[in-house]
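These notes are about the structure you will find just below.
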Amino acid sequence: MKKQVVKNFGIIWAVNKKFFASLLGLSLLISAMLIGVLVAYKLLQTDIKQVEALNQTIDEKNQALFQTEQKLNFIRVELEVNNMSLQKLQTELKQVQQENTKLKETLTFYQSVMAPELTADGVMVDELLIEPTLIDNQFRYKVILVQTSKQKRFAKGYISLTLFGIQNGKNFSIDMKKLAIADSDTSFSFRYFQILEGEFVLPERFTPERVNLAVVLPQRRGQSYSRTELDYTWSPQVVHRE
C-alpha cells in the first residue's frame, strides 16, 4: 500500500512537475515583487520625510529672508532720513558760514574804526592757531593776516612770535623763530590776505603760558611804519580770532 502511494505521488509529480515549478517560480516572483514594493515604500517614506524637512528648511529660510528684507527696508528708510537730515545740516551750515563771513567783515570794519590798535596800518590778524604735531613737544602755528582798508594795496612787513612761560621755576621768554625746526618765512606781502605757517619745538622743562604776536610794517614808499601786538593765552588747538 505504501509503495502504491509513493508510486502514485511519483506519477502525479511527473505529470505536474512543470506546474509545480511554475507555481514555485510564481511564488518567488510574487515574493520578490512584495519585497520590492516594501523597499520602494520605505524609500518613498524616506523621500517624503526628506521633502518635508526640505520644505520646513525652505519655510525657515523664507521667514529669515522676509525678516532680513524688513530690516533692510528699515535701514533704507533710516538712511534716507539721515541723508535728508545731513543735507539739511549742510545747508544750514553753509548759511551759518555765509552769515559768519558777513559778520567777520562787519566786525573787521568796526574794529578798524573803533579799535585801530588791533590793526597795523590796515593789516589785521584774522586768526592764530597753534596745534600739536605727532611728535612730542613739537607744534605747528598758522597766522592769517587780512587787509581792512577799502583801497587794497600791497602790505609788506613781517610777524614776530614770542613765547612767555616758566622754565626751571623762573619767568622765561623766547623768540619762536629760535625754536623753528626749519627756516620759516615770517615776512608777508599781500593785497587781500596771507597765511604764514611754521613748526617749532618747545625748550626742555619749559611751560608756556602765553603767546605774543607782533605785526610790523616797516616804513617804505607808500607805507608808513606801523606795529601792533596781541597777547594770547597758550591753548593749543584753540583758534584765536580778533
| field | Number of positions in the range 146-194 that are among the hydrophobic types (A, V, I, L, M, F, W, C) and modelled with pLDDT under 90 | value | 7
| task | Six or more apart or on different chains, Cβ under 9 Å: which pairs go from a residue in the range 147-162 that's closer than 14 Å to residue 227 by Cα and assigned by TED's automatic domain parsing to the domain that holds residue 177 to one that's among the acidic types (Asp, Glu) and at pLDDT below 75? Could you list them? | result | 155/121; 157/121
| request: Would you check if there is a residue in the range 183-192 being without any contact (Cβ under 8 Å) to a residue 24 or more places away in the chain, within 37 Å of the chain's Cα centre (by Cα) and over 21 Å from residue 124 (Cα atoms)? | output: yes
| message | Name the single residue that is surrounded by the fewest Cβ atoms within 10 Å (Cβ to Cβ) among those in the range 207-234 being under 37 Å from the mean Cα position of the chain (by Cα) and in contact (Cβ under 8 Å) with a residue 40 or more places away in the chain. | response | 207
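The values are calculated or read from the model by the stated rules, or taken from the named source; none is laboratory data. If you're wondering where the values come from, they're calculated on a predicted model, not measured in any experiment. Note that each Cβ is placed from the backbone with ideal geometry, even for glycine, and that neighbours are counted across all protein chains shown.
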